[in-house]
1. Would you call SER290 polar (S, T, N, Q), assigned to a helix (DSSP H, G or I) and surrounded by 18 or more Cβ atoms within 10 Å (Cβ to Cβ)?
2. Which residue pairs have Cβ atoms closer than 6 Å, lie 6 or more positions apart in sequence or on different chains, and pair a first residue in the stretch 160-177 that is of a type in the set (D, E, K, R) with a second residue that is open to solvent by less than 40 Å² (accessible area, probe 1.4 Å)?
3. What do you reckon, is PRO192 crowded, with 18+ Cβ neighbours inside 10 Å and assigned to a helix (DSSP H, G or I)?
4. Is it fair to say HIS456 is outside the structural domain of ARG141 (by the TED database), over 41 Å from the mean Cα position of the chain (by Cα), at pLDDT 85 or above and open to solvent by 70 Å² or more (accessible area, probe 1.4 Å)?
5. Quick one: would you say ASP283 is at pLDDT below 80 and closer than 25 Å to LEU339 by Cα?
6. Cβ-Cβ below 9 Å, separation at least six or inter-chain, first residue in the stretch 387-410 and free of Cβ contacts under 8 Å to residues at least 40 places away in the same chain, second acidic (Asp, Glu): which pairs?
7. Pull up the stretch 329-353, narrow it to residues that are open to solvent by less than 40 Å² (accessible area, probe 1.4 Å) and of a type in the set (A, V, I, L, M), then point me to the one that is modelled with the lowest pLDDT.
8. Limited to the stretch 113-163, what total is found for residues that are part of a helix (DSSP H, G or I) and open to solvent by 60 Å² or more (accessible area, probe 1.4 Å)?
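The values are calculated or read from the model by the stated rules, or taken from the named source; none is laboratory data. Note that the structure is a prediction, hence the values are computed from the model and not measured. Here Cβ is always computed from backbone atoms with ideal geometry, including for glycine, and neighbour counts include all displayed protein chains. SASA here: full protein model, heavy atoms, side chains in, ligands and nucleic acids out. Shrake-Rupley method; radii C 1.70, N 1.55, O 1.52, S 1.80 Å.
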Amino acid sequence: NQMTEGQQGKTEATPGDQPKLDWRFVQRFCSIQRVLFPSWTSQSALMFATLLGVTLTEQLIIYQVGVLPSHFYKVLADKDYSGFRSLVGTAMVLIVLNSTLKSLDQYICNQMYVSWRKTLTESLHSAYFQGRVYYTLNVLREDVDNPDQRISQDAERLCKQMSTMASRLIVSPFTLTYYTYHCFHSTGWFGPVSIFGYFVIGTIANKILMGPIVSTLFEQEKLEGDFRFKHMQIRVNAESAAFYRAGKVEHMRTNRRLQTLLETQRSLINKELWLYIGVNTFDYLGGFLSYIIIAIPIFAGIYDGLSPGELSALISKNAFVCIYLINGFTQLIDLSTTLSDVAGYTHRIGELREVMDDILHKQCDYDPASGESYDFDSDFNVHAGPLDTAFILDHLSYKSPYSDELLVEDLSLKITQGTHLLVVGNTGTGKTSLLRVLNRLWEAESGERAAHKPKHTQSERLDSG
């Protein structure tokens with residue numbers, strides 16, 4: 001815990017708006033997609049197009065497999081042995097093709113997950129290590145919790161959840177359109193309208209149930225990071241804690257964080273219960289709805305002229321079309337739980353990207369004209385004084401970022417290379433703070449600072465006492 005002099009006035013960050021499924025989520029999600037899909041010819045875009053082709057072919061095979069039972073009903077009712085043997089051979093070929101395409105679908109999704117994680121994490125790293133963003137984010141800012149967890153764990157989980165949703169989402173418009181046409185052809189307008197109404201009601205209900213889950217998931221991930229960070233502190237400072245006999249105190253503090261985390265997890269589980277009830281209810285209602293839709297034209301006498309074998313085959317085919325259309329909408333409703341997770345991780349990563357961008361634009365080494373940041377690790381403002389001058393401070397005033405009171409005011413100083421300088425003073429008077437200002441970790445309140453950048457390592461040394 002990098003508590004430094006002058007930091008006593010640091011205030012707690014005020015909590016922002018609760019994350020939810022709103023327009024801000026859409027903006028953050030789209031900004032992340034621009035990172036994952038930088039161009040139409042990028043690797044992610046090509047894999048996405050390949051996945052689309054595979055899933056569409058898979059759906060065509062699934063349709064052929066789905067109508068096979070209706071053909072079996074007919075040949076069995078007619079006792080057509082040669083037709084039965086032909087159908088068995090066709091079924092075996094279609095099943096092998098279907099299983100192969102489904103496995104290829106899962107393989108491409110896993111490859112996309114790895115590619116997305118690489119692209120997103122490297123993008124976060126580029127912003128995190130640009131200039132002094134990583135220092136400001138971890139030491140001077142408190143409005144973003146656990147940046148390490150957001151970059152590592154949250155980015156990984158977001159990419160994993162999106163990869164599991166990808167194949168179902170990209171093929172849904174095509175399958176829903178295709179089976180809606182067949183459903184209309186089999187049952188008339190009543191079938192598609194009933195199924196669309198069922199989907200709209202399910203979507204509205206799950207949207208209401210998902211609302212509280214997103215903010216609670218966001219809070220849970222924050223507390224998970226805090227709990228892990230507490231254990232990391234104990235691991236790093238184990239010897240110091242042992243010297244101070246701090247085991248009981250750290251035990252109490254760690255258990256307190258655990259209890260807070262578990263309370264939030266229980267709250268999340270309670271809220272997810274109602275979403276699970278809604279999802280499972282609509283799953284089972286979908287099965288009954290398909291038979292109601294099929295029963296209407298049968299009881300209306302539309303198929304009275306068919307033989308029992310032909311009627312059984314027709315019922316089987318129509319049932320498959322209606323059930324698969326309902327299943328397409330049901331899968332979208334089932335994605336509610338995954339979407340709530342995606343929303344939570346999107347808010348955490350989107351918030352981190354926004355804060356890092358804000359820090360970068362406020363840095364003194366950021367050039368707003370070109371949009372570029374100077375190399376913080378190697379570049380200094382070069383003075384025009386003698387070559388043997390290491391630093392020049394001209395009427396420099398500075399204060400802690402956590403206080404409005406100046407630590408040092410109107411300091412003018414020239415430090416020559418090779419000179420040993422001893423800085424003395426009481427605790428909290430700004431000795432280490434001077435080094436931070438010289439190294440541009442802190443902004444100067446007023447005045448100028450400049451340094452000479454020699455070809456070799458500087459020989460001067462500032463000894464802080």
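1. yes
2. LYS160/TYR113
3. yes
4. Against the criterion (outside the structural domain of ARG141 (by the TED database), over 41 Å from the mean Cα position of the chain (by Cα), at pLDDT 85 or above and open to solvent by 70 Å² or more (accessible area, probe 1.4 Å)), HIS456 does not qualify.
5. It is true that ASP283 is at pLDDT below 80 and closer than 25 Å to LEU339 by Cα.
6. Sorted first by the residue in the stretch 387-410, then by its partner, the pairs are LEU406/GLU445; GLU409/GLU445.
7. The residue in question is ILE333.
8. 11
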